[in-house]
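Quick notes on the structure that follows.
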Amino acid sequence: MKNNLMRYIPKEYKKDVVNIEKCQGMVYNEETRKYNTMIAVTWKDGQENCYQNATYMFHVLRDFGRS
């Protein structure tokens, strides 16, 4: 698990993270016209979510929670 990526997980969700890592390759975002490094998070309940970058992941979890 990458400890430097854990700082992008809001405090209330940190205990539920089993694994967090950067995915291989880059994904192009049409809206921002930039390439993003995908972040894969595996949760305690077995669910895996992918986010387009670490900052986006932080804001989604903080504002909307896990889906």
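Odds and ends about this structure:
- Largest GNM mean-square fluctuation among Tyr28, Tyr56, Tyr13, using the chain with Cα springs under 10 Å: Tyr28.
- Label of the coordinate-derived value, Cα extents along the principal axes in Å, listed as (i) 34, 25, 21; (ii) 41, 29, 15; (iii) 54, 18, 15: (i)
- Extension gain from Lys15 to Trp43, taking 0.36 nm per residue of separation minus the Cα-Cα distance: 9.2 nm
- Normalised by the number of residues in the range 3-64, the average gap of Cα pairs under 8 Å and 6 or more apart makes the relative contact order 32 percent.
- Lysine pairs with alpha-carbon atoms under 26 Å apart, the chain, spacing 8 or more or separate chains: 13
- Relative to the longest principal axis of the Cα atoms of the chain, helix 54-64 runs at roughly 60 degrees.
Read-outs throughout are calculated quantities, based only on the coordinates presented, and are distinct from any laboratory measurement. Owing to the predicted nature of the structure, the values given are computational and were not obtained by experimental measurement.
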